[in-house]
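Encoded as structure tokens, the structure appears first; notes follow it.
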């Protein structure tokens with residue numbers, strides 16, 4: 001790491017007042033195929049969290065993997081379960097052991113823990129989203145550490161995705177955390193797979209996570225116990241950095257990683273926050289916590305107006321509609337080349353969009369009725385996705 005990069009990194013970390021931090025630790029760091037859970041790693045995590053909470057007043061939320069891995073050990077399984085039913089059963093067996101270890105580790109440091117098992121539906125539905133956030137807020141206000149995991153015992157979609165990195169990103173946005181720490185079995189993000197190439201080097205600071213960097217990350221080897229991989233960590237980091245929050249990807253196998261990160265030391269890879277600062281929380285929810293139910297394709301004029309003018313999406317600029325959706329559903333908005341550039345909450349159903357596309361307001365009212373909203377997607381319900389291109393550099397790295 002150059003002196004310039006080290007100074008820049010230290011200034012970013014030390015200039016911020018961290019009030020809340022999300023720590024996500026993956027199965028690659030938490031568990032071993034033969035030994036099961038790495039209890040000393042969880043104890044070290046608890047020690048660092050408790051210390052920072054007591055001495056710095058920083059509240060922590062832990063997003064943890066490891067239930068399936070712990071269940072494998074208890075059930076005497078040498079390989080990962082392959083069927084959905086067995087994955088759910090293994091997670092059910094392992095979750096009790098996982099929480100027991102966390103509870104004991106934090107109790108020794110004077111902290112209680114509370115368990116939350118979430119699925120994507122808890123983020124998709126606004127009422128459930130608010131309920132989950134209120135629960136986390138209540139725990140934090142009492143000095144209790146929320147331990148969050150996917151509800152692997154019932155959420156088949158979450159099992160298939162296997163991505164607690166994305167869960168951690170959504171929780172970061174949900175409670176307005178000031179930093180996301182992704183702890184893995186690697187030192188950070190490398191230019192190449194360090195397990196196979198001697199010339200692979202750690203990328204200490206990333207300014208922009210572009211498609212090329214994601215492509216390289218998808219080739220990096222992951223531990224047998226893990227599921228997300230480095231690409232999923234960078235996708236999560238891109239979501240969080242877009243919200244104006246920094247992310248550190250570092251080793252969960254080193255027991256002082258959190259202490260060193262808070263001290264501004266050289267740990268892993270720092271993903272810089274977007275320069276524009278924090279984004280509207282509801283719009284970030286629209287962009288990343290909701291699954292689009294369909295796609296609205298618009299012409300070049302509509303793309304320009306939406307991107308540059310901060311306007312609402314009107315039917316006149318719509319060319320076609322894909323999928324079926326109802327009023328209030330999330331939809332993807334793409335250009336004529338099929339490139340998604342926005343997401344929003346639609347005020348029209350897909351049938352209404354199909355009938356009203358390309359038409360002026362007075363034509364729409366005569367066709368669909370006076371009660372139809374003028375806007376297909378109102379600007380208050382619209383999120384413009386920023387293009388992720390390296391600013392004249394390579395792979396988004398800052399040197």
For the chain, longest principal axis from Cα atoms; helix 300-309 axis from its Cα atoms; angle between them, nearest 10 degrees, is 60 degrees
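How would 126, 238 line up from fewest to most surrounding beta-carbon atoms within 10 angstrom?
Fewest-to-most ranking of 126, 238: 126, 238.
From the helices alone, meaning DSSP H stretches of at least four residues, give me the mean residue ellipticity at 222 nm for the chain, per-run term -39500 (n - 2.57), in deg cm²/dmol to the nearest 500. Show your work: numbers first, answer last.
Working: 16 runs with 164 residues, N = 399.
Calculated mean residue ellipticity at 222 nm is -12000 deg cm²/dmol.
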For the chain, what relative contact order do you get, as a whole percent, if you take Cα pairs closer than 8 Å and at least 6 residues apart?
16 percent
Can you give the angle from 0 to 90° between the axis of helix 229-242 and the longest principal axis of the chain, with both taken from C-alpha atoms, to the nearest 10?
60 degrees
What order do you get for 291, 166, 378 when you list them from fewest to most C-beta neighbours inside 10 Å?
291, 378, 166
Antiparallel as a % of all DSSP beta bridges within the chain, to the nearest 5?
40 percent
Measuring from label point to label point, each 7 Å out along Cα→Cβ, what is the residue 251 to residue 266 span in nm?
1.3 nm
Kindly list the residues of the stretch 311-348 that lie in the label zone of residue 360, defined by a backbone N under 13 Å from the point 7 Å along the Cα-to-C-beta vector.
316
Round to the nearest 10 and give me the degree value, 0 to 90, for the angle of helix 164-175's Cα axis relative to the longest principal axis of the chain.
70 degrees
How do 348, 53 rank when sorted from fewest to most other Cβ atoms within 10 Å of their own Cβ?
53, 348
Across the Cα atoms of the stretch 282-370, what radius of gyration and what greatest pairwise Cα-Cα distance (Dmax) are found, in Å?
12.4, 36
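We did not get these values from a lab; they are worked out from the coordinates using the rules stated. Note that this is a predicted model, so its numbers are computed, not measured. Using ideal geometry, Cβ is built from the backbone for each residue, glycine included, and neighbour counts are taken over all protein chains shown.
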